[in-house]
Amino acid sequence: MLFSGINPSLYSAATGHHFARPGNRFWPTLHGAGFTDRLLHPSEQHLLPALGLGITNVVARATARADELSPAELVEGGQLLADLVRAARPHYLAVLGVTAYRTAFSRPKARIGPQPDEVGGAPVWVLPNPSGLNAHFQLPDLIAEFTHLRNAAT
């Protein structure tokens with residue numbers, strides 16, 4: 001499973017760890033959905049490969065908010081992500097952010113959940129962005145969506 005965030009926050013860029021901002025709910029969601037047997041700290045991201053998990057971003061440029069990225073950056077990042085998926089060959093690509101997925105992969109009607117198309121040869125599952133800025137999904141909702149993916153992948 002390869003999880004792809006949209007892009008690093010300024011905080012994550014400063015620490016060098018994915019989803020490192022204290023208000024980000026990725027790590028509690030990953031644990032709550034059963035992907036990890038305990039809550040990992042962002043500095044423990046190096047433990048993910050042993051669990052069959054990977055983590056990356058659609059766009060490498062750090063910003064305070066994902067909406068600071070241009071559509072062109074997202075499209076270019078989507079192409080690079082597809083190349084990475086072709087090389088890494090994960091069983092699933094999980095993109096964390098439906099709006100970014102729609103733009104990066106020209107899928108304007110995409111919704112949360114499994115997608116009909118593959119990216120780089122892997123099935124795609126779009127998950128809600130776990131950023132604390134995403135008020136549409138609270139932690140229990142995020143855990144439920146991630147759990148649907150985990151159940152489908154096993």
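The values are calculated or read from the model by the stated rules, or taken from the named source; none is laboratory data. Keep in mind it's a predicted model, so treat the numbers as computed, not measured. Positions of Cβ are backbone-derived with ideal geometry, glycine not excepted, and every protein chain shown enters the neighbour counts. Calculation scope for accessible area: heavy atoms of the full protein, side chains included, ligands and nucleic acids excluded. Shrake-Rupley method; radii C 1.70, N 1.55, O 1.52, S 1.80 Å.
How much length, in nm to one decimal, is gained on full extension between D83 and A50, taken as 0.36 nm per residue of separation minus their Cα-Cα distance? Intermediate results must be reported in sequence, preceding the final value.
On the way: separation 33, 0.36 × 33 = 11.88 nm, distance 2.23 nm.
In short, 9.6 nm is gained.
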Checklist outcome for this item: Rounded to 0.05, the calculated FRET efficiency for the beta carbons of T63 and H136 at R₀ = 25 Å is 0.80
Checklist entry - Looking at the chain, what % of its DSSP beta bridges pair antiparallel, to the nearest 5? => result 25
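Using only C-alpha atoms and all pairs of different ones, pull out the Kirkwood radius for segment 66-152 in Å with one decimal.
Values: mean 1/r = 0.0747 Å⁻¹.
Hydrodynamic radius (Kirkwood, Cα only) of segment 66-152 equals 13.4 Å.
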Item to check | Rg/Rh ratio calculated on Cα atoms of segment 1-120 (Kirkwood radius) | outcome: 0.94
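Can you give the local net charge around F105? Use residues other than it whose beta-carbon is closer than 11 angstrom to its beta-carbon, Lys and Arg +1, Asp and Glu -1.
On the way: positive: R102, R107; negative: D117, E118.
Net of charged neighbours comes to 0.
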Checklist entry - Toward the positive end of the charge dipole of the chain, about the Cα centre and with charges on Cβ (Lys, Arg +1; Asp, Glu -1), which of G78, L51, T15 goes farthest? => result L51
Checklist outcome for this item: Rounded to the nearest 0.05, FRET efficiency between S70 and K109 (Cβ-Cβ, R0 25 Å) equals 0.70
Next on the checklist: Accessible area of the chain with a 1.4 Å probe: how many percent of it is carbon plus sulfur?
Outcome noted: 56
Checklist entry - How about segment 1-87: which trypsin sites (Lys or Arg not before Pro) there lie in a loop by DSSP and see at most 11 other Cβ atoms within 10 Å? => result R38
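Give me the dipole magnitude in Debye, nearest 20, for segment 50-154 about the Cα centre, with unit charges on the beta carbon: positive for Lys and Arg, negative for Asp and Glu. Working shown, then result.
Values: 9 positive and 9 negative charges, 32 e Å.
In debye, rounded to 20, segment 50-154 gives about 160.
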Checklist entry - If you build a Gaussian network model of the chain, linking Cα atoms that sit under 10 Å apart, which residue out of L74, L47, L142 swings the most? => result L47
Item to check | Å² of accessible area per residue within segment 4-128, as computed with a 1.4 Å probe and no ligands counted | outcome: 51
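Under the rule of -39500 (n - 2.57) per DSSP H run of 4 or more residues, summed and divided by the residues of the chain, what mean residue ellipticity at 222 nm is obtained, to the nearest 500 deg cm²/dmol?
On the way: 5 runs with 53 residues, N = 154.
Value at 222 nm, helices only, nearest 500: -10500 deg cm²/dmol.
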Checklist outcome for this item: In segment 7-154, taking the dipole from +1 charges on Lys and Arg beta carbons and -1 charges on Asp and Glu beta carbons about the Cα centre, the listed residue (F137, A66, H91) farthest towards the positive end is F137
Next on the checklist: Using the basic label-point model (7 angstrom from Cα toward the beta carbon), what is the T147 to H91 distance in nanometres?
Outcome noted: 1.9
Checklist entry - How big is the charge dipole of segment 1-75 about its Cα centre, in debye rounded to the nearest 20, if each Lys and Arg gets +1 on its Cβ and each Asp and Glu gets -1 on its Cβ? => result 120
